[in-house]
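The block underneath contains the structure these notes are about, expressed in C-alpha cells.
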Amino acid sequence: MKFINYLQSISGIGIFPMISLFMFFTFFALVTIYVFKADKKYIEHAKNVPFEN
Amino acid sequence: MEIEKFQYDNKTVKWFAYATIIWGLVGMLGGLIIALQLVFPVLNFDTAYTTYGRVRPIHTNAVIFAFVGNGIFMGVYYSLQRLVKARMFSDLLSKIHFWGWQLIIVLAAASLALGKTTGKEYAELEWPIDILITLVWVVFGWNMFGTILRRRERHLYVAIWFYIATFVTVAMLHIVNSIEIPVTLFKSYSYYAGVQDALVQWWYGHNAVAFFLTTPYLGLMYYFIPKAANRPVYSYRLSIIHFWALIFLYIWAGPHHLLYTAVPDWAQSLGVVFSVMLIAPSWGGMINGLLTLRGAWDKVRDDVVLKFLVVAVTAYGMATFEGPMLSLKSVNAVAHFTDWIVAHVHVGALGWNGFLTFGILYYLIPKMFQTNLYSKKLANMHFWIGTLGILVYAIPMYWAGFMQSSMWKDFTEEGQLQWQFLDTVTRMMPFYAARALGGTLYLVGVIIMTYNLFKTVAIGKFLPNEDAEAMPLSENYTPHSKDHWHRWIERKPIQLLVVSLVVVAIGGIIEFVPTFLVKSNIPTIASVKPYTPLELEGRDIYIREGCYTCHSQMIRPFRSEVARYGEYSKAGEFVYDHPFQWGSKRTGPDLVRVGGKYPDSWHYNHFIEPTSMSPGSIMPTYTWLLDDDLDVSSLKAKIKAMQTLGVPYPDGFAEMAEASLRKQSQEIQANLKKDGIETSSEKEVIAMIAYLQRLGKDIKTVSVNNTK
C-alpha cells in the first residue's frame with residue numbers, strides 16, 4: 001500500500017505552496033532593493049544608535 | 001528645544017537578572033536529574049512527582065520560559081531604554097510584569113509536578129495558567145510600546161524590531177495553540193485533534209524556538225555585541241534583510257517536525273523548502289555578528305564577555321545549519337525520534353541561549369553595580385568548563401543518535417529485525433552517562449558564575465536609577481529628501497508591529513487554511529471508534545504521567561518500523577485524539593499498536609517493576625497506579641466536552657458513561673485474576689491497561705480485510 005496524499009482530493013491544493021513561494025520572493029526582492037537603495041546617512045545614523053549614550 | 005533629563009530604570013533589570021540566574025540553576029538541575037534518571041532509574045524514587053515524565057516538562061519549561069524568558073526581559077529592559085533614550089514607560093507595569101512572570105513560573109512548576117498538563121510539548125500548562133501568561137504578556141507589550149512611543153530617538157534600532165516581532169508572534173502562537181475546552185479547573189482538551197492538533201502544535205513548537213529562543217536573542221546580539229566590542233554592527237543593511245527574511249521564513253517551517261508522519265505531503269514539502277531557505281538569513285545574522293568583531297579579535301582574547309558572545313553566535317550558526325539539514329527528508333528519517341535531536345537542541349540551548357545570557361550577565365552586573373567583575377579568572381574558568389560541558393554533552397548524544405537509528409533499522413540476512421528494542425536501550429547507557437557528565441560540567445560552570453556575580457554584587461554599589469539626557473523628538477519631523485517607504489515603517493513602531501504581524505500571519509494562514517479543510521477531507525476509517533469511558537480515563541492518566549516524553553505513537557512508513565511495530569499510521573486513526581500523542585522521542589518503543597501485544601497481567605507487572613518484564617529497562621516504576629483509585633468525578637464533563645468537540649458519542653452517553661466504565665473495569669479485573677493478580681477494579685492501573693490494550697486495535701481488524 002502506498003502512502004497516500006490525503007489532500008489530493010481538495011482541488012487546486014498545489015496552489016498554496018506556489019503562492020507562498022511567490023510571496024516570499026517578491027517580498028525578499030523588495031527588501032533587498034530597498035536595502036541597496038537606502039540612504040547612506042540614515043544607515044550610518046541607525047548603526048550608531050547604541051553608542052549615543 | 002531643551003535637553004531633557006531623565007533616568008534609566010536599572011532595578012527591574014536587576015530583578016530579571018537575579019531571576020534568570022536562579023531559574024537557570026533550577027532548570028538545569030532539573031535537566032541533570034532527568035539525564036541521571038535515564039542511567040539510574042531508581043532516581044525516579046517511585047514517586048509520581050519526581051518521575052521522569054513529570055520532571056522532563058518541568059525542565060523544558062523552566063529553561064525555556066523561566067531561564068531564557070527572564071533573560072529576554074533582562075536584556076530587553078536594559079537595551080530598550082538606552083536605544084530609545086527613555087525610561088521604561090511605567091514602574092508599576094514593570095513590577096507587575098516581573099512578579100506576574102515569576103508567579104507563572106511557580107504555578108507552572110507546581111502544576112506540572114502534580115501532573116496537570118495538556119500533554120502538548122512546550123505548551124503543557126493548563127488553561128488558567130495560559131490565561132495568566134496572556135495577561136502578563138500583554139503587560140510586557142504595553143510597557144514596551146509605551147516606552148517606544150515616548151522615545152527620544154526617532155529611528156528604531158534593529159534590535160527593537162526583533163523585540164516587537166517577538167512580542168506579536170509569541171502572542172499569536174500562544175493563543176492559537178492554546179485553544180482548548182476546559183473540563184475542570186486544571187483539565188482541558190485541545191480543541192484540535194490528531195493531524196490538525198499535530199500541525200498546530202508543531203507550528204507553535206517550532207516557532208516557540210524561533211520567536212522565544214531566537215528572535216529576542218538576536219535582538220540582544222545586535223545590541224550587546226556592538227556594545228561589548230565598542231564598535232557598530234558590521235552591516236546594518238544585512239541586519240535589515242536578516243530581520244525580514246527570518247521572520248517571514250520561520251513561520252512556515254513547522255511541519256518539518258512531522259516528516260513521514262500522517263501529515264499531508266504538501267505541508268511536509270512546504271516545511272522542508274522553507275526550512276532549507278532559512279539557512280540564508282540565519283547565517284546572514286551569524287556572519288553579521290561575528291564580522292562585527294573583525295579586526296578586534298585581540299579584544300576577544302582578553303574579554304570574557306566577548307568570548308561568551310562569540311561562542312554563542314557560533315553555536316547559533318551550527319544549530320541553524322543543522323536545523324535545515326535535519327528537515328531534509330532523508331536526514332530526518334535517520335535523526336527523528338533519536339538522541340540526535342536532543343543534541344541539536346542542546347547546541348542551541350546551552351551554546352546559543354546559555355552563553356549569550358552569561359555574556360550579558362557578565363556585562364550588565366558590573367555596570368549596574370559600578371564596579372569591576374569580582375574575578376576574571378573565575379569567569380574564564382566558567383567559559384572553559386562550560387564549553388567543555390557542551391562538547392561532552394553533544395558529542396555522545398550525536399553518536400547515540402546515529403547508533404540508535406541504525407540499530408532500529410538493522411535487518412539480518414534472513415530479513416528479520418536484528419535487534420530487540422531493549423537492546424537499543426541498554427546500548428545507550430554509556431552515552432547517557434557521558435551526557436550527564438557534560439551537563440554536570442555545564443552546571444558547575446553556572447554555579448561558578450553565580451558565586452562570581454554574587455561577589456561582584458557584594459563589592460559594588462547598585463545604581464537603581466541611572467541619569468541620562470537627550471533632546472526630545474521634534475514635533476514636525478522633516479524627512480530627508482530621499483525618504484523611503486521602508487523608513488515609514490521603521491520610524492513608526494505601530495506600523496512595524498502591524499507589518500510584522502501580517503508577515504508572520506501570512507505563513508500561518510497559508511498553512512492553516514488547508515489544515516482546516518483537511519478535517520472534512522481526512523478519509524474516516526469506519527472501524528475507528530471513540531474511546532470508551534475507561535480508555536478515555538486511561539488516556540488522561542497517560543497524559544498526566546507524561547508517557548509521551550519517552551514513547552511515540554506514530555509509525556512511519558519504513559520497512560523497519562512496519563516490521564517492528566506493525567502497519568504504519570494513518571491520519572484517519574487519530575480523529576478522536578484530543579490532544580494528539582505522537583511524541584517526539586523514542587526512549588522507549590512506539591506504542592500506537594501495542595494493544596493486544598501482551599496480556600493485561602504483563603502490563604500490570606511491568607508497571608510494578610519494568611525490569612521484571614524487560615531486563616535492563618530504564619522505564620520508571622509506576623506503583624501508584626496500582627494503589628490509587630481512579631477518580632471518575634469529571635467523567636461526565638469529559639464525555640460532554642468530547643461531544644462538544646465533535647466526538648460522536650451517542651446522545652445521553654455522558655449519563656451512562658460510568659456504568660460502561662465499571663463494566664469494562666470488571667472485565668480487566670477478571671482477566672488479571674486469571675493470571676493470579678488480585679486487585680480492585682477501581683484502581684487507576686485498570687484504566688491505563690484498558691487504554692494501552694485499545695491502541696491500534698481498530699485498524700488491526702480492518703487491515704486484515706484490506707491487504708491487497
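Counting Cβ atoms of other protein chains within 10 Å of each Cβ in B:430-436 and taking the mean gives 0. The mean number of Cβ atoms from other chains found within 10 Å of a Cβ in peptide A:19-32 is 4, as a whole number. Once the Cβ-Cβ distance of B:Val42 and B:Glu4 is raised to the sixth power relative to R0 = 51 Å, the FRET efficiency obtained is 0.20.
Averaged per residue, chain B has 36 square angstrom of accessible surface, using a 1.4 angstrom probe with ligands and nucleic acids left out.
Pairs of Cα atoms nearer than 8 Å and 6+ residues apart set the relative contact order; for chain B it is 18 percent.
Straight-line cross-link partners of B:Lys638 among the aspartates and glutamates, defined as a Cα under 16 Å from its Cα and at least 8 positions apart when in the same chain: B:Glu126, B:Glu180, B:Glu535, B:Glu537, B:Asp540, B:Asp577, B:Asp651, B:Glu655, B:Glu658.
Label the range B:342-480 by shape, choosing from rounded, prolate and oblate, from the square roots a ≥ b ≥ c of the eigenvalues of the Cα gyration tensor; if a/c is under 1.5 it is rounded, and otherwise prolate applies when a/b is larger than b/c, oblate when it is not. It comes out oblate by the Cα gyration axes. Taking amide H positions as modeled 1.01 Å from N, with prolines and chain starts lacking one, no residue 5 or more places away or on another chain lies under 5 Å from B:Leu259.
For B:Phe411, nonlocal amide neighbours, meaning residues 5 or more places apart or on other chains whose placed amide H falls under 5 Å from its own, are B:Gln418. Just to confirm the number: angle between the C-alpha axis of helix B:127-149 and the first principal axis of chain B, 0 to 90 degrees, nearest 10? Between the helix axis and the principal axis of chain B, the angle is about 20 degrees. Secondary structure note: in chain B, about 90% of the DSSP beta bridges are antiparallel. Between the Cα long axis of helix B:52-61 and the first principal axis of chain B there is an angle of about 20°, rounded to the nearest 10. Shielding by partners for peptide B:502-511, expressed as the average number of C-beta atoms from other protein chains within 10 Å of each residue's C-beta, is 2.
Too long at a 32 Å Cα-Cα cut-off: which of B:Lys116/B:Lys227; B:Lys529/B:Lys674; B:Lys85/B:Lys116; A:Lys40/B:Lys377; A:Lys41/B:Lys95; B:Lys95/B:Lys377? Going by Cα-Cα distance, B:Lys116/B:Lys227; B:Lys85/B:Lys116; A:Lys40/B:Lys377; A:Lys41/B:Lys95; B:Lys95/B:Lys377 fall outside the 32 Å limit.
When +1 charges are put on Lys and Arg Cβ atoms and -1 charges on Asp and Glu Cβ atoms, the dipole computed for the range B:645-689 relative to its Cα centre reaches about 180 debye.
In this structure, the amide hydrogen of B:Glu4, modeled 1.01 Å from its nitrogen in the peptide plane, lies closer than 5 angstrom to those of B:Ala470, B:Met471, counting only residues at least 5 positions away or on a different chain. When only the Cβ of Lys, Arg, Asp and Glu is charged (+1, +1, -1, -1), the dipole of chain B relative to its Cα centre reaches about 2040 debye.
Projecting the Cα positions of B:Leu695, B:Phe145, B:Thr679 onto the charge dipole of chain B (unit charges on Cβ atoms of Lys, Arg, Asp and Glu, taken about the Cα centre) puts B:Phe145 furthest along the positive direction. Rounded, prolate or oblate for chain B? Axes are the square roots of the Cα gyration tensor eigenvalues, ordered a ≥ b ≥ c, and the cut-off for rounded is a/c under 1.5. Taking the square roots of the gyration eigenvalues as a ≥ b ≥ c, chain B is prolate.
From helices alone, the protein assembly as shown scores -20500 deg cm²/dmol at 222 nm; the rule is -39500 (n - 2.57) for each run of n ≥ 4 DSSP H residues, then divide by the residue total.
Go through B:Gly572, B:Leu135, B:Pro533 and say which Cα lies farthest out towards the positive end of the charge dipole of chain B; charges sit on Cβ, +1 for Lys and Arg, -1 for Asp and Glu. It is B:Leu135.
Give the shape of the protein assembly as shown as rounded, prolate or oblate, defined through the alpha-carbon gyration tensor: a ≥ b ≥ c are the square roots of its eigenvalues, a/c under 1.5 means rounded, and otherwise the shape is prolate if a/b is larger than b/c and oblate if not. Note, shape of the protein assembly as shown comes out prolate.
Solvent-accessible area assigned to carbon and sulfur over the protein assembly as shown amounts to 65 percent, based on a 1.4 Å probe. Angle of helix B:697-706 to the longest C-alpha principal axis of chain B, folded into 0 to 90 degrees and rounded to 10: 70°. A Cβ-based charge dipole, computed about the Cα centre of the range B:609-708 with Lys and Arg at +1 and Asp and Glu at -1, lands at about 580 debye.
With the highest mean first, a sort of the peptides B:436-444, B:605-613, A:37-45, B:52-60 on other beta-carbon atoms found within 10 angstrom per residue produces B:52-60, B:436-444, B:605-613, A:37-45.
The values are calculated or read from the model by the stated rules, or taken from the named source; none is laboratory data. Keep in mind the model is a prediction, meaning the values are calculated, not measured. Counting neighbours? That spans all protein chains shown, and the Cβs are built from the backbone with ideal geometry, glycine included. What goes into the accessible areas is simple: the full protein's heavy atoms, side chains included, and nothing from ligands, DNA or RNA. Shrake-Rupley method; radii C 1.70, N 1.55, O 1.52, S 1.80 Å.
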